[in-house]
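**Student:** Before I ask anything, here is the structure I am working with.
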Amino acid sequence: MNTATTGLAAGMALGFAGYFGGFWAFLLVLVLGAVGLIVGLFVQGDLDVRARRQR
């Protein structure tokens, strides 16, 4: 699944949540989607939470 397809699916999910559930459902889906993205990136290895900036 490429980035455009993933973005389309996320947009459609947010649209359905907003239309059928109202603002709070939209917000809940948005927050849970962001949490899922962060966890997915961490598990995949693309997000390093222990990385420190070098000065």
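**Student:** Given (i) 82, 9, 8; (ii) 47, 25, 20; (iii) 50, 26, 8 as candidate values of Cα extents along the principal axes in Å, which corresponds to the one derived from the coordinates?
**Tutor:** The calculated read-out lines up with (ii).
**Student:** Sticking with this one: Residue by residue, what Karplus-based ³J(HN,Hα) values in Hz, rounded to whole numbers, does the range 33-49 have, using 6.51, -1.76 and 1.60 with θ = phi - 60° and x for Gly and Pro?
**Tutor:** So the J values, rounded to whole Hz, are x, 5, 4, x, 5, 5, 5, x, 5, 5, 5, 6, x, 8, 10, 10, 7.
**Student:** Then there's this: With labels modelled as points extended 7 Å from the Cα through the Cβ direction, what inter-label distance (nm, one decimal) is found for residue 4 paired with residue 41?
**Tutor:** 2.3
Every number here is computed from the coordinates shown, using simple stated rules; none is lab data. Model, not experiment: these values are computed from the prediction. Neighbour counts are summed over all protein chains in view; Cβ atoms, including those assigned to glycine, are modelled from backbone coordinates with ideal geometry.
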